[in-house]
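**Student:** The structure that follows is given in the form of structure tokens.
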Amino acid sequence: MYRPHPFSWVPADGQRHATTDPKPRHGYHGVVVRTLCLKEVTVDNSDIGWLWPTCPSCNTGAHELAGVPEAGEDAE
Ligand SMILES: [Zn+2]
């Protein structure tokens, strides 16, 4: 299976986090995952979950894993 990056974005606990946990066969919904910001959260893969803000710590971690520098001040 093709995975562009070694992590996935998962909505949980009011933010969108990134996790390196492998995706379960039935998907992440309701699964407890370890996020890049070192939390253990239950994934809420509902429609509204994808509208939550991105977790800053996971965003930084994801950029490091992907080898892509963050946008910097442009986002401010
Ligand atoms: Zn996070």
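Listed here are the residues, each with its yes/no results for (1) surrounded by 11 or more Cβ atoms within 10 Å (Cβ to Cβ); (2) in contact (Cβ under 8 Å) with a residue 24 or more places away in the chain.
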| site | (1), (2) |
| --- | --- |
| 17 | yes, yes |
| 23 | yes, no |
| 34 | yes, no |
| 42 | yes, yes |
| 46 | no, yes |
| 57 | yes, no |
| 62 | yes, yes |
| 65 | yes, yes |
| 68 | no, no |
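**Student:** In the range 12-52, which residues are of a type in the set (A, V, I, L, M, F, W, C), within 21 Å of residue 64 (Cα to Cα) and assigned to a loop (DSSP other than H, G, I, E, B)?
**Tutor:** Passing the criteria: 36, 37, 38.
**Student:** Since residue 45 meets every condition but one in (1) within 15 Å of the ligand (Cβ to nearest atom); (2) in contact with a Phe, Trp or Tyr (Cβ under 7 Å, 6 or more places away or on another chain), which condition does it not meet?
**Tutor:** Looking at each condition in turn, residue 45 falls short on (1).
Readers should treat all values here as calculations from the given coordinates under stated rules, not as data from a laboratory. If you're wondering where the values come from, they're calculated on a predicted model, not measured in any experiment. Don't worry about glycine lacking a Cβ; one is built from the backbone with ideal geometry, like all the others, and counts go over all protein chains shown.
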